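Written out below as structure tokens is the structure these notes cover.
The values are calculated or read from the model by the stated rules, or taken from the named source; none is laboratory data. This one's a predicted model, so the numbers in the text were calculated from it and none came from an experiment. Cβ placement follows ideal geometry from the backbone for every residue including glycine, while neighbour counts extend to all protein chains displayed. Side chains are part of the model used for accessible areas, which takes the heavy atoms of the whole protein and leaves out ligands, DNA and RNA. Shrake-Rupley method; radii C 1.70, N 1.55, O 1.52, S 1.80 Å.
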Amino acid sequence: MKEIVNIIMSLGLSNEETFWLVVLVLCFMLWGVTETRFRTVPEYKITKTKDKNEKEVTIVSRIKK
């Protein structure tokens, strides 16, 4: 974290630009933490096939946990 702050400060941005850059970095960090903490696991598998009459059929199967 200290390295990120040093890099931001070395860019020589104005106070307002630094503020928005810090907000952007924090949003990316929060997004990453949220993605790793709450991963979604698919519960269903959807496959599309054709029946005897060449009509498209959708098969929905539940994935075992």
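What angle, in degrees between 0 and 90 and rounded to the nearest 10, separates the Cα long axis of helix 15-37 from the longest principal axis of the Cα atoms of the chain?
The angle comes out near 30 degrees.
Relative contact order for the chain: what is it in percent, counting Cα pairs under 8 Å that are at least 6 residues apart?
On the way: 34 pairs, mean separation 13.1, N = 65.
Relative contact order here is 20 percent.
Which of the peptides 21-27, 48-54, 8-14 is most tightly packed, and how do the rest follow, judged by the mean count of other Cβ atoms within 10 Å per residue? Can you show the working numbers first?
Details: 21-27: 11.9, 48-54: 7.3, 8-14: 9.9.
Per-residue Cβ counts within 10 Å, averaged per peptide and sorted highest first, yield 21-27, 8-14, 48-54.
With a point put 7 Å past each Cα toward its Cβ, work out how far Leu26 is from Asn6 in nm, to one decimal.
2.3
Report the FRET efficiency, 1/(1 + (r/R0)^6), for Arg37 and Val60, where r is their Cβ-Cβ distance and R0 is 35 Å, rounded to 0.05.
Values: r = 28 Å, r/R0 = 0.80.
So the FRET efficiency works out to roughly 0.80.
Over the chain, what percent of the accessible surface lies on carbon and sulfur atoms, probe 1.4 Å? Spell out each step's value before the answer.
On the way: 4050 of 6540 Å².
The nonpolar share, carbon plus sulfur, comes to 62 percent.
Considering all projection directions equally, how large on average is the shadow of the alpha-carbon convex hull of the chain, in square nanometres?
Values: hull surface 34.1 nm².
Dividing the Cα hull surface by four gives the mean projection, 8.5 nm².
Leaving out ligands and nucleic acids, and using a 1.4 Å probe, what accessible area per residue does the chain come to in Å²? Don't skip to the end; give the middle numbers.
Working: 6540 Å² over 65 residues.
Counting only protein heavy atoms, the per-residue value for the chain is 101 Å².
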